[in-house]
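The values are calculated or read from the model by the stated rules, or taken from the named source; none is laboratory data. The model shown is predicted, which means the values in this text are computed figures rather than measured ones. Cβ coordinates were reconstructed from backbone atoms using ideal geometry, including for glycine residues, and neighbour counts include every protein chain displayed. Just so you know, the surface numbers come from the protein's heavy atoms only, side chains and all, with ligands and any DNA or RNA stripped out. Shrake-Rupley method; radii C 1.70, N 1.55, O 1.52, S 1.80 Å.
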Amino acid sequence: MSEQKHFFNAMTALGLLLAVGMASAAFILGVQAKHAVSSQQSITVKGLAEKPVKADRAQWTINIGVVAPTQAETLQAIDRERAVLANFLDLQGLDASMRTVDVQTLGPHYEEEYIHDSPRQVQRGFEGYQSVHISSKDLKKIAAANQAILTLRADNHPVTSQPPEYLVSNLETVKMSLIADATKNARTRATEFVKQDGVKVGVMKSASQGAFYILPATGGEDSDKSYGGIYDKSTVDKIARVVVTVVYNIE
């Protein structure tokens, strides 16, 4: 009888120990599960930052195109027209230090003729081309010269010009400052989203930068998609814009 009682007491104690152990384990696992769920909660927001920027450099390209009976005469014609263009640029205050000149190119010149009522391409001499590129920080001189070059064309000089490109030199510095501001904006937005739920925004889990935009200050978009976004080169006054996507933990 004594042995049975001793065995019963031992089993009772073991059962109590197991119950306490299971309860403790359940509590620990519950706390861990709560933290795991909490760590998985997050919010994804976009941040925006923009500021006005101004072009501080201009690039301008002028093309010379001539036609002559022989290759030698074509090269001579290019030289003459380039001298006329150089004199024009000097008068506009755009001296030789601002210019780079491409090599001359030559090729056959074809004209269409009708033989027995059928069109046919017939070579008539040669055509030659050369481009002159001007780079200057004096944007007003570039703009004025772009208007004045019409006088050369009116005098039958075979030159054509592309619209000047107005560029911002410190784009990388501008972009980095905007990324910092856009990240701050993202946290502000995230805080606004969650403040009604009694939780707060925690640490940043991940972040990514969207495209970098240089847009006309007057609105609209340029077709040039360089620099990972849109880069308007047609205007002097611009708006720089960055969008970032940030994921935050929720506490």
Evaluate the following for Thr218: is it open to solvent by 80 Å² or more (accessible area, probe 1.4 Å), assigned to a loop (DSSP other than H, G, I, E, B) and farther than 30 Å from Leu85 by Cα?
yes
Those residues of segment 109-134 which are open to solvent by less than 50 Å² (accessible area, probe 1.4 Å) and more than 23 Å from Asn156 (Cα to Cα), in sequence order
Val122
Going by the conditions given, is Ala143 modelled with pLDDT of 95 or more, under 17 Å from Lys54 (Cα atoms) and surrounded by fewer than 17 Cβ atoms within 10 Å (Cβ to Cβ)?
yes
Based on what the data block shows, is Arg99 farther than 26 Å from Tyr231 by Cα and basic (Lys, Arg)?
no
Could you give every pair whose Cβ atoms fall below 7 Å, whose first residue belongs to segment 163-188 and is closer than 16 Å to Gln59 by Cβ and aliphatic (A, V, I, L, M), and whose second residue is assigned to a loop (DSSP other than H, G, I, E, B) and open to solvent by 40 Å² or more (accessible area, probe 1.4 Å), counting only separations of at least 6 or pairs across chains?
Leu167/Lys233; Val168/Asp56; Leu171/Tyr227
Go through the residues of segment 190-203 one by one and say whether even a single one is touching a strand residue (DSSP E or B) at 6+ places or on another chain (Cβ under 7 Å), touching a residue at least 24 places away in the same chain (Cβ under 8 Å) and more than 15 Å from Gln41 (Cα to Cα).
no
Give just the number: which of (1) in contact (Cβ under 8 Å) with a residue 60 or more places away in the chain; (2) closer than 26 Å to Val168 by Cβ; (3) β-branched (Val, Ile, Thr) does Val84 not satisfy?
(2)
For segment 123-166, the count of residues that are more than 30 Å from the chain's Cα centre (by Cα), assigned to a loop (DSSP other than H, G, I, E, B) and on the phi < 0 side of the Ramachandran plot equals 4
Select from segment 97-108 the residues that are under 16 Å from Gln130 (Cα atoms) and not charged (D, E, K, R) and write down the one among them that is least open to solvent (accessible area, probe 1.4 Å).
Gly107
Residues to consider are Ile62, Ile115; find the one that is at pLDDT below 95, over 30 Å from Ala190 (Cβ atoms) and aliphatic (A, V, I, L, M).
Ile115
